[in-house]
Amino acid sequence: MSLSADEVRRVADLARLELSDADVDAMVRQLGAIVDYINQLQQLNTDAVEPLAHALDVHDVFRDDVPGTSLSPDEALANAPARKDDFYRVPPVFGD
Amino acid sequence: MNLTAAELLERQSTGDLSAEAITQSFLARIQQVEPKLRSFLAVDEAGALEQARAIDAKRRRGDAMGILAGVPIAIKDVICVQGQRATAGSKMLEAFVPPYDAHVITRLKEADAILIGKSNCDEFAMGSSTENSAYQTTRNPWDLERTPGGSSGGSAAAVAASEAPLALGTDTGGSIRQPAGLCGIVGLKPSYGRVSRFGLIAYGSSLDQCGPFAHDVRDSALLLEVIAGHDSRDSTSVDRPVPQYAKVVESPVQALVIGVPREFFNQPGAQATGGLDAEVERSVRDALKVYESLGATIKEISLPHSPYSVAVYYLVATAEASSNLARYDGVHFGHRAKEFAGLIDMMKKSRGEGFGAEVKRRIMLGTYALSSGYIDAYYLKALKVRRLIRQDFDRAFAECDVIVGPTSPTAAFKIGEKTGDPLAMYLSDIYTISANLAGICGISIPCGLTKTGLPIGLQILGAPFTEEKLLRIARMYERETDWHKRRPAV
Amino acid sequence: MTTHRIIIGLEVHVQLLTKTKLFCGCSTQFGLPPNSATCPICCGLPGTLPVMNREAFHLALKAATALNCKIASFTKWDRKNYYYPDLPKNYQISQYDLPFSSEGWLEIELPSGPKKVGIIRAHLEEDAGKMLHDEHAGKSDSLVDLNRTGTPLLEIVSKPAIDTPEEAKAYLEELRLLLREIGVSDCEMQEGSLRCDANINIHVPQADGTFIATPIIEIKNLNSFRGVERALKYEAERQANELRRSLDAGAWVVDSSRAKAFRDYAVIQVLTQRGSEVAKATAGWDERTGRTEIQRRKEEASDYRYFPEPDLVPVKVDAAILDKVRTELGELPAAQKARLQSQYGIPAYDAGILSRQGRAFVAYFEAVVKTCGDAKEACNWTINDLLSTLNERQLDINVCPLSPQGLGELIVEIKSTGLNKQRAREVYTAMLDGLTAKQAIDKLGFKVVGDEAQLLELVRRAIAANPKAVADFKKGKLKAADAIKGFVMRETKGMANTEVVQRLVMEELNRG
């Protein structure tokens, strides 16, 4: 298998995903199989190939610096899981 | 009510039917089959009837009517409609109500279409069977034991079962074409940039496109005409004129050259990538004979890098998804866990609870592909092979008008058949994925039924921004056959 | 240890003076009520997409051009992925490997002369929102205001080529002047439209000619230019002490075989006992205590997983666009300073003061010269009297109560009448109330005594009354003549023509 449980945990931390031990085991297996499959790309020599991030050949798309409509604080916070006054409320950043 | 959108428009203009009667009839059909199919996550009965009455009033006043006036349409739940829940099939967005319409919704409203409900899909459009929805599993109307395909399975099933004459889906790796093929209807993925992505909940931003589901090519052309075109709110929406697809669709393409990629078919001694089913292959070969009988030249071509498309896709799409889905962390919107210790734990638990297994897998894969030490070997490598795939198509379209092959390696598979094996599920998109990577357009049209009565899809791929030609060529086949008139008995 | 070299690099973020945010139409105004200037786009709601503000890119181009940067013909945006509640998408749209500009410089004025500070790159990115933390950190919830989210920011990264804390301050002042002059940013540190992080370490010489380098510390939370200077001074000293202590205690070690070239000398990074380089760290500056507080050392670099932003398209910049930008820039402070020196023959120091006040002030000065024809006097009056008036009254040059023509006429009047400086200042003060030079002189009743016979009479009386001063003068103490002049001035209530008095005093003293 090409991915260790430690690697899976490291990636889960980066992705801010809580995984149970069973999840980690499943990920090791499933992601491992997928990564093994994906590794077939390494057979191809792409040294002279430029990456293609976008299939579209479009550039220089701008908007003018013209004010648009903003939401009211109530509209903006309508989907917020928690609010206090007109702020989004989140658990303490420096807590553990 | 088995009528097409074009027929519904016709009946209204002659006064045979009102928008209200049409809407009521489709709502009744939904009531009747929904317990078996589960195509919809939400049906807006009151809203749809209200829209219908307004459209009838408009007609009575003699106002100019929109081009989809009084035609109901189902909307995949990754597309935002102002004031209506948009869950993207995820528990994460169970309570999310967007304060805006997607561009395609604005266009549909301007065209007087009736938004009848939000259709089920794989969570965040990640999947090929609609089994990854956090809410329900949609059934294939042709065989309730089987999936309708995915990720736009709810939209495809709704049209196939005549719960709506039209539907919108999204296609990131085949999520319109594959379910259209498995449900025996027409599904079109426009060229990247043809339709605005504004208001479409993102999965893989450089691949996502919104497109139509319909019973036939004419209806597809009609719906594409409504949703295509430039939108200043999407930087990747291309500013070029939109042809009158519905008008030109009847004129055949002269001196048609059809490219058939050898990699899409079984060769003596070698199975095609993904394992092409013999029945599917026979139907596709029969379809090619139909084109030949219409005077088309069939030319064998090669797309040498197409076998790598699934690998490339599952790096590019997941990398983009890992970033696109980072915003769902319980801070500003979406699910927040009830119990946690501090901010980071809140984020981790909210995401752990809010996302399903497949979404987590893809976020993990994409994060891994972009992470320090791996980005060169995975993400950047994939972008390089992506260019090779694009170049394959550029070369091919220099010598043929369109490329024809199967939409999927097999007809609809059984519910639960592939859920334990993600890779097998991914490989069911082998023929559709490369179009998204290359940004080209593609359509799936019905071209047969298996012995057990399951639909088979024919995929036609066209160069970027040649939807007009694609539709005309698809229509040439459709005119000669009646697969598109078959309806499942639900 | 006292002769260590200080290596400073500054990372400056300035908010661009656009009406709207980088990717949406929300206002960039400072100080609006919380969450009143947001929309689905800057809140990162699902399905929304960014579209680049043309003016923001234009202002960024202006700034980079003014900073002598190379402008890339092709540039793109990337996502910088990290989780923080003030960043609603949990990625920042920034520029990674293809910034729109790189390799520039900014010339600053030092007591030792001018210096060009190298600039590594300047790139355009979006700002984050603001967090309000409870006083008892970690105890209660934090609050998020997204008004600032998506404001266009220009990040300007200097080379680690700033040698002293004073130089860092001079760099920031020059940068602020330049960016304000060309209308790119108002650079108000108090409002956060200019923010600065400072990277600093020291190189301590050893007997063998090599230098030991301390680990780089990035200082954050710098709220003023003076704060930057103080923090860097403190931190340089702290690092010197820490190095001495840590080497003595054996906590840090030096491996001479691992010397690396830096500029024209060899540098050795300190190592932990395990042999790995001592990690960089971040420090917060506490203005109140005047100390830097080292936060946790980063054991491994953050993994930002940069990749091309698929929702934006690249931008191409051609020669025509650059020409247009250059034309719009007009005369930049450095060029202006050189021109003032050569065109008006004023000292570099004075030209520097003039140019630092901005274009409007320089234009005022030039209008004064035009009226009076005396650049030296015009310069003295503008950089001394006028500038202190503006500072005292906290006025902008554009609303100055005295027109440049008025000041020019005052100078003409002084020269023709020989009005002394003290009286001239009184006239000047009266002119601030709206009088012309002549009106002010009349009103104050100043009538210059210019009659030679009358003045000669007074000079002779003064000589007679001051035998000691005369004797001192004869012994060579030329300053003693001031007493004679002072007598004449007192007698005329300061209204004697100073030039005439000067000449007569000298003639009389030398004669006798």
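The values are calculated or read from the model by the stated rules, or taken from the named source; none is laboratory data. Predicted model, so just to flag it, every value in this text is computed and none were measured. We place every Cβ from the backbone using ideal geometry, glycine too, and count neighbours over all the protein chains shown. Ligands, DNA and RNA are stripped out before the accessible areas are found, and what is left, the full protein with its side chains, is counted by its heavy atoms. Shrake-Rupley method; radii C 1.70, N 1.55, O 1.52, S 1.80 Å.
With respect to (1) within 22 Å of B:ILE415 (Cα to Cα); (2) open to solvent by 10 Å² or more (accessible area, probe 1.4 Å), the lone exception for B:SER128 is condition (2). One residue stands out among those in segment C:25-38 that are crowded, with 24+ Cβ neighbours inside 10 Å and on the phi < 0 side of the Ramachandran plot: the one that is farthest from the other protein chains (Cβ to nearest Cβ), which is C:THR28.
The single condition among (1) closer than 29 Å to B:THR87 by Cα; (2) outside any helix (DSSP H, G or I); (3) within 10 Å of chain C (Cβ to nearest Cβ) that A:GLU18 does not satisfy is (3).
Pairs meeting the criteria (first residue in segment A:37-61 and more than 7 Å from chain B (Cβ to nearest Cβ), second residue assigned to a loop (DSSP other than H, G, I, E, B) and surrounded by 16 or more Cβ atoms within 10 Å (Cβ to Cβ), beta carbons under 7 Å, at least 6 apart or on different chains) are A:HIS59/C:VAL313; A:HIS59/C:PRO314. Does B:TYR374 meet the test of being facing chain A (nearest Cβ under 9 Å), touching a helix residue (DSSP H, G or I) at 6+ places or on another chain (Cβ under 8 Å), open to solvent by 10 Å² or more (accessible area, probe 1.4 Å) and within 25 Å of C:GLU309 (Cα to Cα)? For B:TYR374, the condition - facing chain A (nearest Cβ under 9 Å), touching a helix residue (DSSP H, G or I) at 6+ places or on another chain (Cβ under 8 Å), open to solvent by 10 Å² or more (accessible area, probe 1.4 Å) and within 25 Å of C:GLU309 (Cα to Cα) - is not met. For C:ASP311, the conditions (1) away from chain B (no Cβ under 14 Å); (2) of a type outside the set (A, V, I, L, M); (3) in contact with a Pro (Cβ under 6 Å, 6 or more places away or on another chain) all hold with the exception of (1).
For every residue, the table says whether it meets (1) open to solvent by 50 Å² or more (accessible area, probe 1.4 Å); (2) away from chain A (no Cβ under 14 Å); (3) more than 30 Å from C:ILE41 (Cβ to Cβ); (4) of a type in the set (Phe, Trp, Tyr).
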residue: C:PRO99; (1), (2), (3), (4): no, yes, no, no
residue: C:PRO114; (1), (2), (3), (4): yes, yes, yes, no
residue: C:LEU124; (1), (2), (3), (4): no, no, no, no
residue: C:SER158; (1), (2), (3), (4): no, yes, yes, no
residue: C:ASP163; (1), (2), (3), (4): yes, yes, yes, no
residue: C:ARG180; (1), (2), (3), (4): yes, yes, no, no
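Residues in segment B:1-50 that are of a type in the set (D, E, K, R) and within 23 Å of B:ARG487 (Cα to Cα): B:GLU7, B:GLU10, B:ARG11, B:ARG29, B:GLU34, B:LYS36, B:ARG38.
Among the residues of segment C:211-232, is there at least one that is surrounded by fewer than 20 Cβ atoms within 10 Å (Cβ to Cβ), among the small types (Gly, Ala, Ser) and either under 25 Å from C:ARG263 (Cα atoms) or within 14 Å of chain A (Cβ to nearest Cβ) (or both)? No, segment C:211-232 has no match at all. Taking the criterion of being more than 14 Å from chain C (Cβ to nearest Cβ), farther than 20 Å from B:LEU41 by Cα and among the β-branched types (Val, Ile, Thr), the residues of segment B:149-202 that qualify are B:ILE185, B:VAL186. Restricting attention to segment A:48-59, the residues being open to solvent by 40 Å² or more (accessible area, probe 1.4 Å) and either of a type in the set (Gly, Ala, Ser) or touching a helix residue (DSSP H, G or I) at 6+ places or on another chain (Cβ under 9 Å) (or both) number 3.
Rundown of residues vs (1) surrounded by fewer than 19 Cβ atoms within 10 Å (Cβ to Cβ); (2) within 14 Å of chain A (Cβ to nearest Cβ); (3) over 23 Å from the mean Cα position of the chain (by Cα), yes/no style:
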residue	(1), (2), (3)
C:PRO333	no, no, no
C:LYS337	no, no, no
C:GLN341	yes, no, no
C:GLY345	yes, no, yes
C:ALA363	yes, no, no
C:CYS372	no, no, yes
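Restricting to segment A:20-36, name every residue that is open to solvent by 10 Å² or more (accessible area, probe 1.4 Å) and either of a type in the set (Val, Ile, Thr) or touching a residue at least 40 places away in the same chain (Cβ under 8 Å) (or both). Hit for segment A:20-36 is A:VAL28, nothing else.
Right, C:ARG291: under 18 Å from the mean Cα position of the chain (by Cα), under 30 Å from C:SER224 (Cβ atoms) and not aromatic (Phe, Trp, Tyr) or not? When the stated conditions are applied, C:ARG291 does not pass them.
Scanning segment C:394-403 for residues that are part of a helix (DSSP H, G or I) and either of a type in the set (A, V, I, L, M) or under 13 Å from C:GLY373 (Cβ atoms) (or both) yields C:ILE397, C:VAL399. Within segment A:67-96, the set of residues being assigned to a strand (DSSP E or B) and within 7 Å of another protein chain (Cβ to nearest Cβ) comprises A:LEU71, A:LYS84, A:PHE87, A:TYR88, A:ARG89, A:VAL90. The residue that is nearest to C:GLY129 (Cα to Cα), counting only those in segment C:56-76 that are touching a Leu at 6+ places or on another chain (Cβ under 8 Å) and facing another protein chain (nearest Cβ under 10 Å), is C:ALA56. When we screen C:PRO114, C:PRO88 for residues that are assigned by TED's automatic domain parsing to the domain that holds C:HIS133 and over 28 Å from A:ARG16 (Cβ atoms), the only hit is C:PRO114.
Screening segment B:78-103 for residues that are within 10 Å of chain C (Cβ to nearest Cβ) and part of a helix (DSSP H, G or I) and picking the one that is nearest to C:ILE41 (Cα to Cα) gives B:HIS103.
Being of a type outside the set (Val, Ile, Thr) and either within 17 Å of B:ARG395 (Cα to Cα) or surrounded by fewer than 24 Cβ atoms within 10 Å (Cβ to Cβ) (or both) is a property that does not hold for B:ALA474. Taken over segment A:21-36, the criterion of being facing chain B (nearest Cβ under 9 Å) and in contact with a helix residue (DSSP H, G or I) (Cβ under 7 Å, 6 or more places away or on another chain) is satisfied by A:MET27, A:GLN30, A:LEU31, A:ALA33, A:ILE34.
Can you tell me which residues in segment B:52-76 are within 23 Å of the chain's Cα centre (by Cα) and open to solvent by 50 Å² or more (accessible area, probe 1.4 Å)? Correct list: B:ILE67 only. Looking across C:GLU167, C:GLU155, one residue alone is out of contact with any His (no Cβ under 9 Å at 6 or more places or on another chain) and either assigned to a strand (DSSP E or B) or not hydroxyl-bearing (Ser, Thr, Tyr) (or both). It is C:GLU167.
Filter segment C:41-55 down to the residues that are within 7 Å of chain A (Cβ to nearest Cβ) and open to solvent by less than 20 Å² (accessible area, probe 1.4 Å) and list them by number.
Correct list: C:CYS43, C:VAL51, C:MET52, C:ASN53.
Identify all residues within segment B:364-383 that are part of a helix (DSSP H, G or I) and more than 28 Å from the chain's Cα centre (by Cα); write none if there are none. Listed by number, the residues that qualify are B:ASP376, B:ALA377.
Among helices (runs of 4 or more DSSP H) entirely within segment B:253-363, having at least 2 residues that are over 20 Å from C:ASN81 (Cβ atoms) and away from chain A (no Cβ under 14 Å) singles out B:278-293.
Would it be correct to say that B:LEU49 is open to solvent by 10 Å² or more (accessible area, probe 1.4 Å), of a type outside the set (Gly, Ala, Ser) and not in a loop (DSSP other than H, G, I, E, B)?
So B:LEU49 passes the test.
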